[in-house]
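The block underneath contains the structure these notes are about, expressed in structure tokens.
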Amino acid sequence: MVRLLPFFQSESQLITALKRGESRAQKLVYDRYSGKMMAVCVRYVANRSDAEEVMIDGFMRAYGRIAQFREEGSFEGWLRRIMVTESLMFLRRTKSWRQEIPIDELTTEPDYAWADTSLEANDLLRLVGQLPEGYRTIFNLYAVEGYSHAEIADELSISEGTSKSQLSRARNWLQANLAKLEREYGQANGTTAVR
Amino acid sequence: MDKPTEQQPLDSLFRRKLDEASVQPGADVWDRLSSRLTAAQPLPVEKPTRRLGVFWYGSAVVAAAACLWLVFVWTSPERSQVTVATTSGITQTKSSAQKSGEGQQKEQLPLANQQSDRTQLANSNINAKAKQGNSSEQANRTELQNRVRLARAEEKAVETQRVSPSSMGNEVLEKPVVAQLQTQANSQKIAEPVGQPNPIATATSKSQETINETQRTLIVQVPDIHKTRHESVMTSEENNLAHTASVESKETKLSRAFRQIKRIKEGEVFAKVDNARGDDDESGLFDRLVRSGRAKDNTTKQQK
């Protein structure tokens, strides 16, 4: 990546080269954004190989529609949105996000300060990956991407009530599992997490 | 995108952590992506533009060539011959004869050549039409009759041009020569009996000797055409004779008038002639008047 950077000093130069269809620019974009985009895809598609396929489809779509990018927002945000759309398309094809699994009611609330300092992004990713696909999709769209319930309902062709109920269940499940992690971490270190 | 109204600590924790999350894909992902990119590299947009460009360039070249050809045809000196050829077959024969290099010799003997060319044209038309079968024979006859009529009209026009008194001078001097040639050619044709097996071949000039044998046999199979041709030749000859007769009669009338004027002017000669003719001749009025005047003078002198 360092070898290619001198050719594109700014992001606009990189995008101009992408619009010309230069393979050098395509490689540079992949090297720069593939990690983050893979994280996005893994959040929606738990299976890694499926997530890689979704990411490849996303990059193909981004390279093919680069002329539609107006450079009004950030290129990373535009690319992330494409990846989310591709992931939703994959889920729509598999219909797996419609599954509803009953989750036990929340018993204890986790310590968020401890989770913020002690847990890494990969730990949270792994936790999200354990969510049932329907809950995971709605939680990702609402909590991480910032979609509203109306947008989620429109995107997934469900009602807003369904979106709200599934988000609530996803939160309960995550809180319960965070509390469980906290307990396991305390037992491993011989201390109890401070509330 | 509307921000969620309900911002819980769980959501903010996951957003903060997952926004910056990075998962390295497998090493072969780029290879798979690049292979798909190269498979999609032949852009479907460029090929149609090239084809369109070739199409437009080709059409432009064809249009330019057509324009050049039209301009060439329009400005070429042979254009009149070509356009006339569409209306009259005889003029087409003329133009073809001029193209073959006979040129001025043809112009010197136009009527004789016209006769031979006309027969050639009739033969060629007959050959062409005879191939179509017996069903179209009637239509061929009517077409040939029309062409013969056209030929007659053109012949009359040419002859009146040459014989008309308005064109006095060199053309008038050429007239007897042309008439003699025509009469020679026509006399040959008229002298031939109609019922002979190959009359057209014998009546035509040397230029017709080049016609191949297949054409000759086809000509013999259609005797009516020969009749119409013969009739056309006959009528043209009659017309020529009538023209010459009318011209001669006009000339004799004019010459008589000139002579009478001359006689009136030259009264003495006129009187002498009248004296020689005798008193009974009414043409010697002047002499009679002179004599009656002298007789009156003599009687008055005698009375005195």
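Evaluate region B:51-59: report whether one residue or more is farther than 30 Å from A:E22 by Cβ, small (G, A, S), part of a helix (DSSP H, G or I) and modelled with pLDDT of 85 or more. Yes: one or more hits. Scanning region B:256-272 for residues that are modelled with pLDDT under 75 and exposed (fewer than 12 other Cβ atoms within 10 Å of the Cβ), we see that the one that is nearest to B:S292 (Cα to Cα) is B:E268. What single numbered condition from (1) assigned to a helix (DSSP H, G or I); (2) away from every other protein chain (no Cβ under 14 Å) fails to hold for A:I158? All conditions pass for A:I158, except number (1). Anything in region A:30-57 that is touching a residue at least 40 places away in the same chain (Cβ under 8 Å) and within 11 Å of chain B (Cβ to nearest Cβ)? List them, or say none. A:Y33, A:K36, A:M37, A:A39, A:V40, A:C41, A:V42, A:R43, listed by residue number. Could you check region A:106-124 and list, in sequence order, the residues that are buried (at least 18 other Cβ atoms within 10 Å of the Cβ) and under 14 Å from the mean Cα position of the chain (by Cα)? Of everything in region A:106-124, just one residue is buried (at least 18 other Cβ atoms within 10 Å of the Cβ) and under 14 Å from the mean Cα position of the chain (by Cα), namely A:L124. For B:D280, the conditions (1) at pLDDT below 70; (2) in a helix (DSSP H, G or I) are fulfilled apart from (2). Number of residues in region A:15-28 that are assigned to a helix (DSSP H, G or I) and without any contact (Cβ under 8 Å) to a residue 40 or more places away in the chain equals 8. Pairs are defined by a Cβ separation below 7 Å, a sequence spacing of at least 6 or placement on different chains, a first member in region A:58-71 that is at pLDDT 90 or above, and a second member that is buried (at least 16 other Cβ atoms within 10 Å of the Cβ) and not hydrophobic (A, V, I, L, M, F, W, C); the pairs so defined are A:G58/A:E86; A:F59/A:Y30; A:R61/A:E86; A:Y63/A:Q26. Within region A:126-139, is there a residue that is surrounded by fewer than 17 Cβ atoms within 10 Å (Cβ to Cβ), at pLDDT 85 or above and at the interface with chain B (Cβ under 7 Å from one of its Cβ atoms)? No, that holds for no residue.
The residues of region A:72-82 that are free of Cβ contacts under 8 Å to residues at least 40 places away in the same chain and either among the polar types (S, T, N, Q) or assigned to a helix (DSSP H, G or I) (or both), listed by number, are A:S74, A:G77, A:W78, A:R81, A:I82. Taking the listed residues A:L79, A:L28, A:L91, A:L18, the one that is surrounded by 19 or more Cβ atoms within 10 Å (Cβ to Cβ) and within 19 Å of A:I138 (Cα to Cα) is A:L91, with no other qualifying.
The values are calculated or read from the model by the stated rules, or taken from the named source; none is laboratory data. A quick note: this is a predicted structure, and the numbers were derived from the prediction, not measured. Reconstructed Cβ throughout: ideal geometry from the backbone, glycine too, with neighbour counts over all protein chains shown.
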